[in-house]
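Structure, as structure tokens:
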Amino acid sequence: MLAEERRQREIEPMLSMPRNALLETQTSDAERHAEELLREMHDLNDQGAFDRRGKDNKKEG
């Protein structure tokens, strides 16, 4: 229960920030570059590259 409360308080807002930023219109080259990086982070999260503890799930080798 404590872990779920912490997730709602700390993790969920962090994950929603890139989603919200991607909805904004980018006007400069720097903003477009930042949007590209945010999209990559968002896509990695959606693909499940990281589990709930933040560990990398990709297998090496």
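Sub-9 Å Cβ pairs linking a first residue in the stretch 34-61 that is assigned to a helix (DSSP H, G or I) to a second residue that is exposed (fewer than 11 other Cβ atoms within 10 Å of the Cβ) and at pLDDT 60 or above, at least 6 apart or interchain, are Glu35/Glu24, ordered by first then second residue. Of all residue pairs spaced 6 or more apart or on separate chains, those with beta-carbon atoms under 6 Å, a first member in the stretch 15-28 that is at negative phi and in contact (Cβ under 8 Å) with a residue 24 or more places away in the chain and a second member that is open to solvent by 100 Å² or more (accessible area, probe 1.4 Å) and not small (Gly, Ala, Ser) are Pro18/Met41.
Among the listed residues Arg39, Arg19, Arg7, which satisfies the condition of being at pLDDT 85 or above and surrounded by 10 or more Cβ atoms within 10 Å (Cβ to Cβ)? The match here is Arg39.
The values are calculated or read from the model by the stated rules, or taken from the named source; none is laboratory data. These figures come from a predicted structure and were not determined experimentally. Counting neighbours? That spans all protein chains shown, and the Cβs are built from the backbone with ideal geometry, glycine included. Surface areas here come from the heavy atoms of the whole protein model, side chains and all, with no ligands, DNA or RNA. Shrake-Rupley method; radii C 1.70, N 1.55, O 1.52, S 1.80 Å.
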